[in-house]
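**Q** My questions all concern the structure below.
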Amino acid sequence: MITAVVLVAGGTGTRMGSDRPKQFLDLCGKPVFIRTLEIFLAWRNNLFFQVVMPEAYLAEAQELVEKHSNISRNQIGFCSGGETRTLSVWKGLQAVASSMNPEDMVCIHDAVRPLIQSELLTENENIGNKYGNAIACIPVKSSLRRITPLGTEAVDRSQFYHVQTPQSFVWKSIWNAYSNRTSDDFTDDASLLESQGENIYISPGNYDNLKLTTPEDLLLARLLFENLPKP
């Protein structure tokens, strides 16, 4: 079973065009990362959370959790992020390492995906339990073209997926992968694990499971949030 969740919110969100990191922006009355935390707590209330934040915002993040959540202090930790997503996740993994057993599972999730649903989390965990990892993905909807030396050509979109989080892993495999990595520039955790020869397994994602990146994403998230089951 998943015992720990690393919520990755180490970025500054420059593409959002805000003077505050996007994880702190308002989503229907609460900060985005609090909404994400609430979904996990509603799914399972005995998880441990490690929240990775820009160092300058750590104190504010802790204050917001105390204000908006009933989570106990010994159930959540905070640490500063790194210069890349890979380094931010690595810091989060290091922070929970002392409490993890080799066969435990850890879930890594973008804190700015606040529309995740409990059913998706359950499927992700079940597939991770069976295969050792599970990566939430959704089929590509649009037609695709590939650049070639002669121009472009159509490709079969049924062979491609958009990658999301959550991404869940047996602890010993993801810890070893991060410990032995050769680059700090991976854009997701599955790619890092795959680079060391591991097979990656897909779990169903959801088209509503947006990663908030631009102002348009936040507007859509506010509309979708009103129609989600509430914790």
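**Q** Just wondering, is there one or more residues in the stretch 7-18 that are over 20 Å from residue 88 (Cα atoms) and surrounded by fewer than 24 Cβ atoms within 10 Å (Cβ to Cβ)?
**A** For the stretch 7-18, residues over 20 Å from residue 88 (Cα atoms) and surrounded by fewer than 24 Cβ atoms within 10 Å (Cβ to Cβ): present.
**Q** Would you mention how many residues in the stretch 136-187 are of a type in the set (S, T, N, Q), more than 29 Å from residue 206 (Cβ to Cβ) and touching a strand residue (DSSP E or B) at 6+ places or on another chain (Cβ under 8 Å)?
**A** 1
**Q** Still on this model: When residue 175 is evaluated against the numbered criteria (1) over 22 Å from residue 83 (Cβ atoms); (2) more than 16 Å from the chain's Cα centre (by Cα), which criterion, by number, is the only one it fails?
**A** (1)
**Q** Hey, residue 191 hits all of (1) outside any loop (DSSP other than H, G, I, E, B); (2) more than 17 Å from residue 108 (Cβ to Cβ) but one; which does it fall short on?
**A** Residue 191 satisfies all of (1) outside any loop (DSSP other than H, G, I, E, B); (2) more than 17 Å from residue 108 (Cβ to Cβ) except (2).
**Q** Can you tell me which of (1) of a type in the set (A, V, I, L, M); (2) over 24 Å from residue 170 (Cβ atoms); (3) surrounded by 15 or more Cβ atoms within 10 Å (Cβ to Cβ) is the one residue 42 doesn't meet?
**A** Among (1) of a type in the set (A, V, I, L, M); (2) over 24 Å from residue 170 (Cβ atoms); (3) surrounded by 15 or more Cβ atoms within 10 Å (Cβ to Cβ), the lone unmet condition for residue 42 is (3).
**Q** Which condition from (1) farther than 22 Å from residue 163 by Cβ; (2) part of a loop (DSSP other than H, G, I, E, B); (3) not hydrophobic (A, V, I, L, M, F, W, C) is the one that residue 83 breaks?
**A** So the condition that residue 83 fails would be (1).
**Q** Which of the residues that make up the stretch 153-171 are among the hydrophobic types (A, V, I, L, M, F, W, C), surrounded by 10 or more Cβ atoms within 10 Å (Cβ to Cβ) and in a strand (DSSP E or B)? Working first, answer last.
**A** Let us first name the residues in the stretch 153-171 that are among the hydrophobic types (A, V, I, L, M, F, W, C), namely 154-155, 160, 163, 169-171.
Among the residues that remain, those that are also surrounded by 10 or more Cβ atoms within 10 Å (Cβ to Cβ) are: 155, 160, 163, 169-171.
Those that are among the hydrophobic types (A, V, I, L, M, F, W, C), surrounded by 10 or more Cβ atoms within 10 Å (Cβ to Cβ) and in a strand (DSSP E or B): 155, 163, 169, 170.
**Q** Answer with yes or no whether residue 217 is over 22 Å from residue 1 (Cα atoms), touching a helix residue (DSSP H, G or I) at 6+ places or on another chain (Cβ under 7 Å) and not in a strand (DSSP E or B).
**A** no
**Q** Being among the hydroxyl-bearing types (Ser, Thr, Tyr), at pLDDT 95 or above and surrounded by fewer than 17 Cβ atoms within 10 Å (Cβ to Cβ) is the requirement here; does residue 203 meet it? Lay out the reasoning, then the answer.
**A** Working: among the hydroxyl-bearing types (Ser, Thr, Tyr): yes; at pLDDT 95 or above: yes; surrounded by fewer than 17 Cβ atoms within 10 Å (Cβ to Cβ): no.
Spelling it out, it is not the case that residue 203 is among the hydroxyl-bearing types (Ser, Thr, Tyr), at pLDDT 95 or above and surrounded by fewer than 17 Cβ atoms within 10 Å (Cβ to Cβ).
**Q** Going through the stretch 114-152 one residue at a time, which ones are assigned to a loop (DSSP other than H, G, I, E, B) and either of a type outside the set (S, T, N, Q) or without any contact (Cβ under 8 Å) to a residue 60 or more places away in the chain (or both)?
**A** If the condition is that a residue be assigned to a loop (DSSP other than H, G, I, E, B) and either of a type outside the set (S, T, N, Q) or without any contact (Cβ under 8 Å) to a residue 60 or more places away in the chain (or both), then 114, 115, 116, 132, 140, 141, 142, 143, 149, 150 are the ones that fit.
The values are calculated or read from the model by the stated rules, or taken from the named source; none is laboratory data. As the structure is a prediction and not an experimental result, all values here were calculated from the model. When we count neighbours, we look across all protein chains shown, and the Cβ atoms used for this are built from the backbone with ideal geometry, even at glycine.
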